[in-house]
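To start, the structure itself, in structure tokens.
Rule-based calculations on the coordinates, nothing more; no lab input. The structure presented is a predicted model; accordingly, all values stated were derived computationally and were not measured. Here the Cβ positions follow ideal geometry from the backbone for every residue, glycine too, while neighbour counts run over all protein chains shown.
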Amino acid sequence: MNAEKPGTQHSDLLIVGAGILGSFYAYHALQRGLSVTLVERNARPTGATTRNFGQVVPSGLDQSWQIHGRESLRIYQELQSQTELSVRQNGSIYIASDDDECTLIEELHQINRQSDYRSELLTPDQCRSKYPNLRSDYCRGGLFFPEEVSVNPRQMIHHLHDQLRTQTNFKHRFETPVHKVNPLKPDLIEVETSTGETLSANKVIVCCGSEFQTLFPNHFRKSEMKLCKLQMLRLVSQPQAVLPGNILTGLSIRRYESFSQCPSWDAIKANESKETFAHQWGLHILFKQELDGSIILGDSHDYTSSDQPTGLGFDIRSDVNEAILKEAKRIMDLPSWDIETTWYGIYSQTSHPSGIHLETIFPNVHITTGIGGKGMTSSAGFTRNHLTKLYND
Ligand SMILES: Cc1cc2nc3c(=O)[nH]c(=O)nc-3n(C[C@H](O)[C@H](O)[C@H](O)COP(=O)(O)OP(=O)(O)OC[C@H]3O[C@@H](n4cnc5c(N)ncnc54)[C@H](O)[C@@H]3O)c2cc1C
């Protein structure tokens with residue numbers, strides 16, 4: 001029996017942070033019949049979950065995370081069949097621009113056959129008939145993943161919250177920063193908020209994205225965590241362009257973890273120049289067109305370690321944006337390259353081989369963060385799987 005304080009709002013599970021990780025923990029916990037409170041600092045989340053491309057691309061992940069990514073595809077589709085979440089199944093394509101990249105897509109295609117993940121090798125002509133704006137002097141072939149989906153990153157999480165709000169066991173506190181987590185007993189945790197309200201739960205999961213230094217600064221400093229800042233652009237609406245689904249290009253083939261399983265990977269990477277601007281700023285080019293015709297274009301990667309969290313600065317560098325545009329123009333012929341807006345996002349990424357930072361601070365107080373650049377792709381599946389471990393099923 002828990003001795004909850006009278007007047008304190010109590011739930012089975014309290015989650016701090018309503019980004020994609022926190023929100024999918026909430027979703028699956030409700031499916032398990034638990035009562036859930038989701039606490040979010042802002043009126044609406046504005047972290048990495050709303051600043052990304054919305055590409056759901058298990059094809060880019062290593063084998064262990066691809067399992068979570070594929071499970072996430074099923075969960076997104078299931079949710080979309082119940083409510084409008086902005087999920088669209090238009091597949092993903094990786095466009096190769098030279099012999100090395102062609103070798104890597106052919107090798108990944110073979111690996112996918114063994115792991116029973118559907119992919120199709122496309123000739124340059126087939127690529128151009130699917131994506132007419134693709135430049136023929138760039139495209140040497142493509143690898144297409146028909147099952148993959150995309151979401152609208154500025155809408156999806158809010159739609160998911162609307163879905164959660166329809167459930168009786170769900171409570172939420174938005175515009176409510178958590179400033180302290182107090183374990184009173186092993187299964188009674190008190191959470192203090194800056195609004196003066198105290199909440200309690202049998203279990204707490206902290207999903208604060210890149211900000212867990214606020215609640216647990218010492219743990220954050222000692223973690224194997226990096227922070228990564230990414231620059232992004234959106235091009236003005238251009239309904240004349242046809243860029244369905246997730247479009248990933250040559251530098252992504254040379255970056256994404258799935259390709260590191262390919263037999264030729266080491267030799268190809270050993271031959272790459274490390275001195276280029278693109279390498280220095282971690283550039284690769286992704287395109288994602290929204291329903292209104294605008295195109296999300298990016299990105300760059302600038303890292304700092306968790307003991308220097310202010311190391312990233314707050315500038316948006318125009319030389320980086322210009323380099324993104326220059327490389328993008330080598331790939332596509334678009335009616336307009338006018339920029340509607342630019343922004344940056346920050347995610348936390350663990351260096352731990354597990355690919356995620358999981359830490360139990362006290363019994364029943366768990367941190368989950370550091371999922372890096374794969375959160376939109378894998379959180380839905382990962383959180384379902386992790387809850388079964390946390391509840392010892
Ligand atoms: C530019 C960019 C592009 C990306 N593109 C893709 C992509 O196309 N596909 C893909 O799979 N992944 C992509 N990612 C990665 C993905 O966005 C992240 O992995 C994911 O959003 C991380 O989710 P999160 O829930 O851990 O963190 P966040 O989204 O940062 O959420 C954390 C939440 O916690 C809240 N919070 C923090 N502290 C407190 C507190 N004390 N009290 C209450 N609330 C608190 C914050 O306000 C925030 O809403 C991209 C990331 C970026 C930045």
Equivalent-ellipsoid semi-axes of the chain, from the Cα gyration tensor, Å, largest first: 38, 21, 20
Compactness of the range 16-123, expressed as Rg and Dmax over alpha-carbon positions, Å: 17.4, 54
Theoretical FRET efficiency, 1/(1+(r/R0)^6), r = Cβ-Cβ of THR168 and GLU275, R0 45 Å, to 0.05: 0.15
Reach of LYS130 by Cα under 20 Å, taken over aspartates and glutamates that are not fewer than 8 positions away in the same chain: ASP98, GLU101, GLU106, GLU120, GLU147, GLU148, GLU290, ASP292, ASP333
Cβ-defined net charge surrounding ASN52, 14 Å radius [Lys, Arg +1; Asp, Glu -1]: +4
Between 0 and 90°, nearest 10: helix 63-82 axis offset from the chain longest Cα axis: 80 degrees
Debye equation applied to the C-alpha atoms of the range 54-104, log10 I(q)/I(0) at 0.17 Å⁻¹: -0.64
Where labels lie 7 Å past Cα in the beta-carbon direction, separation of THR83 and TYR303 in nm: 3.7 nm
THR310-ARG32 FRET efficiency (beta carbon distance; Förster radius 45 Å; 0.05 resolution): 0.70
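Could you compute how fast the range 131-266 diffuses translationally, taking Rh as the Kirkwood radius over C-alpha pairs and applying Stokes-Einstein at 4 °C with viscosity 1.567 mPa s? Give it in µm² per second.
Details: Rh = 20.5 Å.
Approximately 63 µm²/s, per Stokes-Einstein.
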Flagged links, alpha-carbon separation over 30 Å, of LYS185/LYS222; LYS171/LYS288; LYS269/LYS389: LYS171/LYS288; LYS269/LYS389
Computed label-point distance, nm, for sites GLU175 and ASP338 using a 7 Å Cα→Cβ extension: 3.6 nm
Ranked VAL39, VAL236, criterion: other C-beta atoms within 10 Å, fewest first: VAL236, VAL39
Using a Förster distance of 25 Å, the FRET efficiency for SER264-GLN114 (Cβ separation, nearest 0.05): 0.90
Sorted by Cβ density within 10 Å, fewest first, the residues THR37, THR50, THR166: THR166, THR50, THR37
Pairwise label distance in nanometres, HIS352 with LYS326, each label 7 Å out on the Cα-Cβ vector: 4.0 nm
Expected-Rg normalisation [2.2 N^0.38 Å, Cα atoms] applied to the range 257-333: 1.35
